[in-house]
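One structure is given below, encoded as structure tokens.
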Amino acid sequence: MKGKLLIFASALAFVFASCDKVPQAEIDAAFAAVDSSKAVQADLYLPAEFGAVKDSLNSAMAKVEAQKAKWFKKFEEPKNQLIAVKAAADQLITNTAARKEALKAEITATLAEVKTLVEENKALVAKAPKGKEGKAAIEAINNEMGVIEASVTEAEGMFNGGELLATIDKVKAAKEKATAIKTELEEVIAKKAGKK
Amino acid sequence: MRKKTFYRAIFIFSVLTLLTGVVFGVLILLTENPPEKELALAQKSISEAKRAKAGEYAPDLFNRAESNYAAAMRKMRIENLKWIVSRDYDGVKASLESSINYAQKSIAASKNASVSVNEYLEKTYKRVDDRIDAFDSLIKLIPLPKSVRENYNKGKFLLSESKLAFGQKSMLDSKEKLQKASVLIFRAIDYSEMLVKNYFGAYPLWQRRVQEAIQYSRRNNTSVIVVDKFGQQLTVYRNGESKAVFQAELGQNWIGEKQYGGDKATPEGTYKVTQKLMPRQTTYYKALMINYPNDEDKRRFAEAKRKGLISKGASIGSMIEIHGGGGQGVNWTNGCVALHNSDMDKLFGMIDVEVGTLVVIVGSTKPLEEVLQKESI
């Protein structure tokens with residue numbers, strides 16, 4: 001009789017033991033990967049992708065909690081989702097590094113372009129007509145060039161400080177301004193040449 | 001006997017199994033289901049809110065959505081630690097419903113805010129661009145304190161940055177930069193407008209002086225020289241008629257009357273040529289020395305000194321000439337009027353331009369409205 005009760009108890013224990021275990025290792029790994037991606041500023045450089053990974057992690061964790069609330073727990077789905085989250089977060093780390101490198105290259109190239117434009121503009125200023133309008137324009141252009149050069153210096157400081165996104169906006173604006181000045185000077189010089 | 005015992009055991013086992021099943025079934029029925037649908041809906045709503053940039057446009061509502069979701073998850077973890085039958089997910093559901101509610105509100109608020117930010121940006125860009133179009137050439141022309149001109153150009157630079165951000169759909173960044181830009185630009189424009197308007201307060205006096213000089217020229221069949229500072233030109237009138245116009249360069253701080261020596265301002269008033277200087281007699285090719293300071297300059301200087309408007313040690317200055325060396329493209333003199341050397345030759349070759357010739361220097365020969373209209377074209 002005792003033996004049979006033991007069999008029954010074992011059967012019941014099996015029923016409960018058959019419940020899945022919380023995928024703690026996958027949870028820890030997914031959280032660690034997301035934290036690492038944030039540490040490399042994926043949230044700044046790839047915000048949409050980082051948001052998607054974070055949403056997926058939240059969804060997986062909600063599913064884990066939902067399963068915990070059940071008699072018969074099945075963690076397979078959230079477990080797979082957590083594995084996917086970890087893989088995506090790892091990929092995000094690689095992609096963030098690539099994005100930063102691409103930004104650095106773009107900034108370096110644009111800064112060089114701006115510096116070249118400033119030098120070209122200085123050479124054009126010397127050729128610009130010096131009538132009343134030309135005189136006024138030259139004074140204003142020299143001042144604007146001063147602002148561009150100051151913004152280049154500021155951008156270089158930001159670049160060295162690792163503020164790549166703010167730097168790229170600044171150097172793009174500087175390039176746009178320097179290009180506009182160049183066009184203005186070229187037009188004025190061409191107009192003068194046409195008058196001769 | 002053995003068989004009987006066996007059947008009894010089977011019976012007991014069956015009854016126990018049945019009872020366990022019933023108890024188990026009752027427990028399952030009594031167990032509350034976790035709010036899975038609400039959880040999924042809350043997540044979906046928050047994700048949508050994030051995509052709608054509710055975190056930027058409606059941060060209060062969005063933060064409430066997120067904090068309610070976090071509270072729901074916390075409550076759920078606490079409930080899950082309890083014995084399964086005594087779990088109660090009502091609190092979890094309430095937090096999730098609040099989260100969904102706030103997330104949806106934040107989406108609507110974000111859409112409204114994004115439309116209004118967009119409208120604000122478009123309107124403000126137009127307003128700032130219109131003012132720049134109207135005043136840019138004026139600002140380029142007049143001598144402004146370095147800081148004002150720098151701030152104006154910084155403002156224009158920030159405006160470019162703002163437009164770049166607008167192009168990248170970073171509306172809030174764009175708005176922040178535009179606000180800073182418009183403050184810098186409008187301050188510089190307002191300052192310039194005020195400076196010019198105040199300056200043109202003397203226009204009736206300038207007009208009278210010029211008319212008197214032209215009449216003098218007509219009456220005496222002689223030449224007079226009129227220097228228009230705003231127009232940056234020197235005109236020679238003979239017998240009341242304009243005979244020659246030359247581009248002129250002035251003192252660096254040419255707006256306003258000369259206050260004292262070294263202020264780099266070109267004086268305003270009615271003067272006479274006192275000397276005609278040939279090369280080697282002057283630093284800048286040829287020159288017509290004028291009688292600055294005249295009696296009116298001396299009176300004004302003394303009054304300014306008495307009122308403490310200029311330092312006690314200041315001198316009135318002298319040696320104001322119309323000289324060569326012009327064509328440098330900037331207003332560079334210390335207060336003199338500079339012409340191109342070839343124009344000085346023409347001026348020297350003109351009949352009646354000699355010692356005693358009247359020289360009238362005024363802020364402008366045209367009214368402010370005309371000047372502004374011209375500068376804004």
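Things worth noting here:
- Remark: the range B:207-213, residue by residue, has Karplus-estimated 3J(HN,Hα) of 4, 5, 4, 5, 4, 4, 5 Hz, where x stands for each Gly or Pro and the curve is 6.51 cos²θ - 1.76 cosθ + 1.60 at θ = phi - 60°.
- Pairs of alpha carbons in chain B separated by more than 37 Å make up 53% of all such pairs.
- Listed cross-link partners A:K177/B:K258; A:K68/A:K100; A:K21/B:K75; A:K70/B:K111; B:K197/B:K298; B:K264/B:K298 are compared with a 29 Å cut-off, the Cα-Cα value being larger for A:K177/B:K258; A:K68/A:K100; A:K70/B:K111.
- DSSP bridge orientation in the protein assembly as shown - percent antiparallel, rounded to nearest 5: 75 percent
- Cα centroid separation, the range B:43-91 to the range B:271-338 (Å): 78 Å
- Counted over the range B:299-377 with a bin width of 10 Å, the fraction of Cα pairs per bin, in whole percents, is 14, 27, 34, 23, 2.
- Positive-pole candidate from B:Q207, B:S342, B:N118, dipole of chain B, charges at beta carbon: B:N118
- Under 5 Å, built H, 5+ apart or other chain: amide partners of B:V360: B:I225, B:V226, B:V227, B:Y271
- Environment charge at A:E26 (Cβ cut-off 10 Å; Lys +1, Arg +1, Asp -1, Glu -1): +1
- Close amide-amide hydrogen proximity is noted between B:L277 and B:A287, B:L288, B:M289, each under 5 Å apart and 5 or more residues distant or on a separate chain (H modeled in the peptide plane; Pro and chain starts excluded).
- Computed [θ] at 222 nm, deg cm²/dmol, chain B (DSSP H ≥ 4; -39,500 (n - 2.57); rounded to nearest 500): -20500 deg cm²/dmol
- Counting DSSP beta bridges with both ends in chain B, the antiparallel % (nearest 5): 75 percent
- Three-way shape label, the range B:204-376, alpha-carbon gyration tensor, a/c 1.5: rounded
- Helix B:36-51 axis, angle to chain B major axis (alpha carbon atoms, nearest 10°): 10 degrees
- Bins of 20 Å, starting at 0 and running to the largest distance - Cα pair percent for the protein assembly as shown: 15, 31, 21, 15, 10, 5, 2, 0
- A dipole drawn for the protein assembly as shown from +1 and -1 charges on Cβ atoms has a positive end, and of A:L117, B:Y69, A:G162 the residue lying farthest that way is B:Y69.
- Pairs from the table (B:K276/B:K307; A:K104/B:K126; A:K38/A:K79) lying more than 27 angstrom apart at Cα are B:K276/B:K307; A:K104/B:K126.
- Aspartates and glutamates whose Cα lies under 17 Å from that of A:K175, excluding same-chain neighbours fewer than 8 positions away: A:E106, A:E113, A:E119, A:E120, A:E144, A:E149, A:E154, A:E156, A:E184, A:E186, B:E161
- Under 20 Å of direct C-alpha separation, and excluding same-chain neighbours fewer than eight residues apart, A:K73 reaches these aspartates and glutamates: A:D20, A:E26, A:D28, A:E65, B:E32, B:E36, B:E38, B:E79, B:D88.
- Derived scalar couplings ³J(HN,Hα) [the range B:95-108; Karplus, 6.51 cos²θ - 1.76 cosθ + 1.60; whole Hz; x for Gly, Pro]: 5, 5, 4, 4, 4, 4, 4, 5, 4, 5, 4, 5, 5, 4
- Phi angles across the range B:19-30 convert, under the Karplus curve 6.51 cos²θ - 1.76 cosθ + 1.60 with θ = phi - 60°, into 3J(HN,Hα) values of 4, 4, x, 4, 4, 4, x, 4, 4, 4, 5, 6 Hz, Gly and Pro given as x.
- For the range B:33-115, the fraction of alpha-carbon pairs lying more than 20 Å apart is 33 percent, rounded to a whole number.
- Each principal axis of the Cα cloud of the range B:170-228 was evaluated for its coordinate range; sorted largest first, these ranges are 70, 18, 10 Å.
- The range B:99-162 has equivalent-ellipsoid semi-axes of 39, 13, 6 Å, by the square roots of 5 times the alpha carbon gyration tensor eigenvalues, sorted largest first.
- Global form of the range B:154-290, assessed from the alpha-carbon gyration tensor, a/c cut-off 1.5: prolate
No value in this document is a laboratory result; all are computed from the given coordinates. What you see is a predicted model; the values in this text were computed from it and never measured. Note that we place each Cβ from the backbone using ideal geometry, even for glycine, and neighbour counts take in every protein chain shown.
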